[in-house]
């Protein structure tokens, strides 16, 4: 049925790193709660050769507030998931995506008066 035909002279398509469905469900669950709280408004997903990036924006035209990265090559070392802040600082690294995302879930906790 549907098949991709490569351009003449080009080899097979390069391998890309992407988020799996289960990983996206976890990320988008947190994203939906933060949108409902009025903290976040937009996101972008990039699938590159060595890294998959989920960028979170407060407004569309700004730099991302946070970047959630998946680097499979770091799986046996520091962990394949990392969260970076706006200035590029590493907020959390780890092997478990849910544990890494807890850094961002703390922003949902507010005192009620």
Q.
Checking the conditions here, which among 27, 68, 83 is touching a strand residue (DSSP E or B) at 6+ places or on another chain (Cβ under 7 Å), in a helix (DSSP H, G or I) and modelled with pLDDT of 90 or more?
A. 27
Q: Report, by residue number, each residue of segment 74-105 that is over 17 Å from residue 53 (Cβ atoms) and in contact (Cβ under 8 Å) with a residue 24 or more places away in the chain.
A: 98, 105
**Q.** Every residue from segment 37-57 that is surrounded by fewer than 16 Cβ atoms within 10 Å (Cβ to Cβ) and part of a loop (DSSP other than H, G, I, E, B)
**A.** 37, 38, 39, 41, 48, 49, 50
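The values are calculated or read from the model by the stated rules, or taken from the named source; none is laboratory data. Remember, it's a predicted structure, so these values are computed and weren't measured experimentally. Counting neighbours? That spans all protein chains shown, and the Cβs are built from the backbone with ideal geometry, glycine included.
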